[in-house]
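Take a look at the structure set out below.
Computed from the coordinates by the stated procedures, all read-outs in this text should not be read as laboratory data. From a predicted model like this one, the values you see are computed outputs, not experimental measurements. Using ideal geometry, Cβ is built from the backbone for each residue, glycine included, and neighbour counts are taken over all protein chains shown.
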């Protein structure tokens with residue numbers, strides 16, 4: 001993994017998430033539903049990185065960037081990077097069971113990653129009684145996860161264009 | 001040893017330890033870390049916001065009537081005129097709103113109104129917050145807010161806890177401010193708490209009976225009729241003191257005595273006794289009254305904010321006298 005480029009892409013992702021992505025949000029009775037671009041990047045790194053450690057570091061960077069841009073009060077900083085790292089490492093471990101080029105695979109994995117990461121993240125809020133309406137939170141989470149699942153194949157397709165710059169060519173070819 | 005063969009594992013281990021360390025750090029250090037990061041990302045985010053505005057303008061153009069092809073110079077001039085018109089319209093709207101608010105707040109001497117603009121939401125949709133950028137502590141009525149040029153100044157323009165007005169209603173308060181960025185906590189935020197007043201209203205042609213609690217604890221029955229002087233609803237009796245709490249979607253008032261006879265349509269205003277606001281400013285309207293399960297003598301009142309918080313754009317920070325940090 002070429003880390004500098006990955007960090008730049010992640011930075012672009014988080015800025016995109018904070019600005020242009022707001023156009024894609026819509027309001028529902030349970031709250032705002034919007035996509036998380038970084039989930040797509042995490043899925044890409046989990047599916048195509050050289051090793052599980054690389055995937056976990058990628059996840060950690062994404063989680064850390066997201067954590068820094070969340071408006072307080074939120075669960076303690078540091079939780080999201082750990083969850084992202086764990087989830088991307090987990091997906092790396094199971095990726096051989098899937099056809100990673102398939103759109104459906106990417107969608108399912110994005111959905112699962114989103115549910116796992118934000119499910120645990122929001123559980124923290126529920127555990128300390130900060131979230132008053134956990135059911136609404138859960139429905140909102142499912143909405144966000146579905147939205148992420150829809151948008152992830154597009155992000156993976158875009159990132160694959162940069163694949164040879166992000167991941168050394170021999171690794172990428174071997175994986176393909 | 002496997003760790004020796006793969007140095008990236010050491011890196012990962014270090015990062016995990018760093019995460020755990022961050023989780024155990026006091027909240028104030030983490031807030032400072034987040035503020036520094038957000039301060040650094042703000043200039044980049046303004047570029048993104050510019051792109052959003054550009055995209056929205058394009059979509060508006062496409063949605064409008066199809067224009068025949070013209071030469072580029074004319075199109076550019078028309079674009080300039082359109083931009084200027086929008087600018088004038090924006091300034092006019094802002095002046096109108098500021099004038100209106102300054103009339104409303106006329107008894108609150110030397111209070112400042114700082115115009116601000118909502119520039120962004122949080123990175124995740126799970127928090128019901130909006131980022132706003134306030135231009136300067138030396139902003140005067142009618143000044144146009146340009147958020148992008150002042151983001152880098154690092155003064156503290158406002159202090160936390162002061163209230164923020166929308167076009168017509170109270171919309172929230174400042175919970176964090178750093179330089180020219182501040183976080184606006186909306187009235188519907190689950191952490192929003194403020195003392196408020198609940199006014200019982202009477203519509204034209206309506207008669208309403210309410211019970212007023214006497215100093216000796218007894219109840220006195222009063223029947224009110226609308227005066228008919230105005231077509232608007234009128235407040236009757238003394239307002240009920242309540243604590244307004246957000247629940248993520250609307251405002252909830254718990255443990256309101258059922259004897260107050262609150263009904264849908266009654267109005268919630270801010271309480272001026274805190275000193276941060278001179279008068280009661282309208283927050284929302286009662287939409288539902290529910291008897292509490294634990295005690296039938298109390299009701300929970302659900303209030304819908306009158307401001308459209310999802311489309312909040314221009315806001316005004318009410319800075320009480322002596323609150324501006326020089």
How much length is gained if the chain between residue B:290 and residue B:58 is pulled fully straight, taking 0.36 nm per residue apart and subtracting their Cα-Cα distance, in nm to one decimal?
78.9 nm
If I fit a long axis through the Cα atoms of helix A:103-127 and take the longest principal axis of the Cα atoms of chain A, what angle between them do I get, 0 to 90°, rounded to 10?
40
Across B:29-38, the residue-averaged tally of Cβ atoms belonging to other chains within 10 Å stands at 4
Rank the residues B:89, B:234 as a footprinting-exposure proxy: fewest other Cβ atoms within 10 Å of their Cβ go first.
B:89, B:234
Segment residue A:164-residue A:51, extension gain: residue separation times 0.36 nm, minus the distance between their alpha carbons
39.1 nm
Applying a 10 Å radius around every beta-carbon, put A:97-105, A:43-51 in order of their mean neighbour count, most first.
A:43-51, A:97-105
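Per residue of B:227-240, how many C-beta atoms from partner chains lie within 10 Å of its own C-beta, taken as a mean?
Across B:227-240, the average partner-chain Cβ count within 10 Å equals 0.
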Helix-derived [θ] at 222 nm for chain A: sum -39500 (n - 2.57) over DSSP H runs of at least 4, divide by residue count, nearest 500?
-23500 deg cm²/dmol
What does a probe at residue B:27 reach in the range B:187-201, counting residues whose amide N is under 17 Å from the point 7 Å along Cα→Cβ?
B:189-194
Within the set A:86, A:163, A:78, GNM on chain A using Cα springs under 10 Å gives the largest fluctuation to A:78
Quick one: helix A:134-161 against the long Cα principal axis of chain A, what's the angle to the nearest 10°, folded into 0 to 90?
20
Note: residue B:88 to residue B:279 extended length (0.36 nm per residue) minus current alpha-carbon separation gives 65.7 nm
Quick one: order B:304, B:103 by neighbouring beta-carbon count within 10 Å, fewest to most.
B:103, B:304
Just counting partner chain Cβ atoms within 10 Å, what average do the residues of peptide A:11-21 show around their Cβ?
6
Over all Cα pairs of the range B:193-307, how is the pair count split among 5 Å bins, expressed in % and running from 0 up to the last occupied bin?
2, 12, 20, 23, 21, 14, 6, 1, 0
I'd like the orientation of helix A:79-94 relative to chain A: the angle between its Cα long axis and the longest Cα principal axis, in ° from 0 to 90, rounded to 10.
40
